[in-house]
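Participant: If you scroll down you'll find the structure; I have some questions about it.
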Amino acid sequence: MEEIEKFLEELKFEIGSIDALKDSNEKIVLGTGNFKGTVLFVGDDSNLYIDENLKVRPGSSGEFLIKLCDIVGLLPESYYITTLTKSEKNYRELEEKDKRDLKECLMMQISLMNPKVIVALGQDVAELLLEREFKFLQEKGNILDWRGDVKLLVTYDANFAKKSRDDGGKRAKVAVEFWGDLKTIKNTIEEI
C-alpha cells in the first residue's frame with residue numbers, strides 16, 4: 001500500500017498541474033472513504049466531500065449519499081467517493097485538454113484502486129467512462145460489464161436525487177430509483 005500511496009501523491013500533483021487548476025488556490029482532494037473498498041462512486045459534484053475522511057457539508061449531496069449508503073447497508077469501509085476534477089471546478093466547464101488530462105488521472109486512480117463496482121453518478125460521468133453516448137433513461141440502473149471484471153452501474157447524480165427528494169418527498173420517482181440503484185449495488189457486491 002505504501003507504493004500506492006506514493007502513486008496517489010504523484011497523481012494529486014499531476015491533477016494540481018492541470019491548466020484549469022494550477023493557478024487556483026483550490027485544495028485537491030482525490031476522494032473520500034476507503035480507497036481499498038469494493039465500490040467506487042464517481043461524480044461531478046464538488047459537494048460530495050470536503051476531505052479524505054468522509055467529511056461532508058451538512059445538507060449536501062455528499063451527506064445525502066452517505067446516509068443512504070448507511071441505510072441500505074453499504075458500509076463506509078466498502079466504498080470510496082471521488083469526483084472528476086478533485087476540486088470545486090465543474091468538469092463540464094473545462095477546456096477539452098483539461099478534460100482529457102483529468103480523464104487520464106481518473107483512469108489511473110481507478111487502476112490503483114481496482115474496485116469491483118464503479119457507480120457513475122450522472123450521465124456525464126457515464127459517457128466519460130463508457131466512451132460513448134449513454135441513453136440514460138433506458139440504461140440507468142443496470143449492471144454493465146466495464147473493463148476486465150469491473151462492473152459499472154449508472155445512476156442519477158446525487159445532487160439531482162437529493163433535490164428531487166427535497167422537492168417531491170420520499171416517494172419522488174428519482175429518489176426512489178436512486179435508492180433502488182444503491183440496493184442493486186449492495187446486492188451486486190454481495191454476489192461478487
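Participant: List pairs: first residue in the stretch 115-134 and under 14 Å from R147 (Cβ atoms), second residue in a loop (DSSP other than H, G, I, E, B) and among the polar types (S, T, N, Q) anywhere in the structure, Cβ distance under 9 angstrom, at least six positions apart or on different chains.
Facilitator: From residues that are under 14 Å from R147 (Cβ atoms), the pairs are P115/T38; K116/T38; V117/T38.
Participant: Give me the pairs: first residue in the stretch 1-20 and free of Cβ contacts under 8 Å to residues at least 40 places away in the same chain, second residue of a type outside the set (D, E, K, R), beta-carbon distance under 7 Å, and six or more apart or on different chains, which are they?
Facilitator: G16/I28
This table checks each residue for (1) in contact with a strand residue (DSSP E or B) (Cβ under 7 Å, 6 or more places away or on another chain); (2) closer than 22 Å to L11 by Cβ.
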position	(1), (2)
D98	no, yes
L102	no, yes
N114	no, yes
L121	yes, yes
V125	yes, yes
L128	no, yes
E131	no, yes
L137	no, no
D145	yes, no
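Participant: Please give the number of the condition R92 fails out of (1) modelled with pLDDT under 95; (2) outside any helix (DSSP H, G or I); (3) more than 17 Å from G16 (Cα to Cα); (4) not acidic (D, E).
Facilitator: The number of the failed condition is (2).
Participant: For the stretch 136-151, state whether one or more residues are part of a loop (DSSP other than H, G, I, E, B), free of Cβ contacts under 8 Å to residues at least 60 places away in the same chain, on the phi < 0 side of the Ramachandran plot and among the polar types (S, T, N, Q).
Facilitator: yes
Participant: How about the stretch 78-89: which of its residues are outside any loop (DSSP other than H, G, I, E, B) and within 17 Å of D51 (Cβ to Cβ)? Quick ask: steps written out before the conclusion?
Facilitator: Quick first cut of the stretch 78-89, residues outside any loop (DSSP other than H, G, I, E, B) only: 78-83.
Matches in the stretch 78-89: Y79, Y80, I81, T82, T83.
Participant: So E190 fits all but one of (1) closer than 24 Å to Q109 by Cα; (2) surrounded by 13 or more Cβ atoms within 10 Å (Cβ to Cβ); (3) acidic (D, E); what number is the exception?
Facilitator: Only one criterion is unmet by E190, namely (2).
Participant: Same structure again: If you scan the stretch 95-128, which residues turn out to be in a helix (DSSP H, G or I) and under 18 Å from F160 (Cβ atoms)? Give the derivation first.
Facilitator: We begin by selecting, within the stretch 95-128, every residue in a helix (DSSP H, G or I); these are 96-113, 123-128.
Result: Q123, D124, V125, A126, E127, L128.
Here is a yes/no grid of residues against (1) surrounded by 21 or more Cβ atoms within 10 Å (Cβ to Cβ); (2) touching a Phe, Trp or Tyr at 6+ places or on another chain (Cβ under 8 Å); (3) within 15 Å of Y80 (Cβ to Cβ):
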{"site": "K103", "(1), (2), (3)": "no, no, no"}
{"site": "A126", "(1), (2), (3)": "yes, yes, no"}
{"site": "L137", "(1), (2), (3)": "no, no, no"}
{"site": "K140", "(1), (2), (3)": "no, yes, no"}
{"site": "L144", "(1), (2), (3)": "no, no, no"}
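Participant: Here's another thing I want to ask about it. Can you name the residue in the stretch 21-52 that is free of Cβ contacts under 8 Å to residues at least 40 places away in the same chain and over 26 Å from I192 (Cβ atoms) and, of all such residues, is surrounded by the most Cβ atoms within 10 Å (Cβ to Cβ)? So that I can check it myself, show each step before the final result.
Facilitator: Of the residues in the stretch 21-52, the ones free of Cβ contacts under 8 Å to residues at least 40 places away in the same chain are 22-23, 25, 49-52.
Subset that is over 26 Å from I192 (Cβ atoms): 22-23, 25, 50-51.
Numbers: K22: 9, D23: 7, N25: 4, I50: 16, D51: 11.
If we take residues in the stretch 21-52 being free of Cβ contacts under 8 Å to residues at least 40 places away in the same chain and over 26 Å from I192 (Cβ atoms), then I50 is surrounded by the most Cβ atoms within 10 Å (Cβ to Cβ).
Participant: Let me ask something else about it. Could you please find all residues in the stretch 165-183 being crowded, with 17+ Cβ neighbours inside 10 Å and of a type in the set (V, I, T)?
Facilitator: V174
Participant: I've got another one for you. Can you confirm whether the stretch 73-82 contains a residue that is on the phi > 0 side of the Ramachandran plot and at pLDDT below 95? Let's see the steps before the verdict.
Facilitator: Pass one, the stretch 73-82, residues on the phi > 0 side of the Ramachandran plot: 73.
Now drop any that are not at pLDDT below 95, which leaves none.
The answer is no, given that none of the residues of the stretch 73-82 is on the phi > 0 side of the Ramachandran plot and at pLDDT below 95.
The values are calculated or read from the model by the stated rules, or taken from the named source; none is laboratory data. Please read these numbers as outputs of a predicted model, since none were measured by experiment. As a convention, Cβ positions derive from the backbone with ideal geometry for all residues, glycine included, and neighbour counts pool all protein chains shown.
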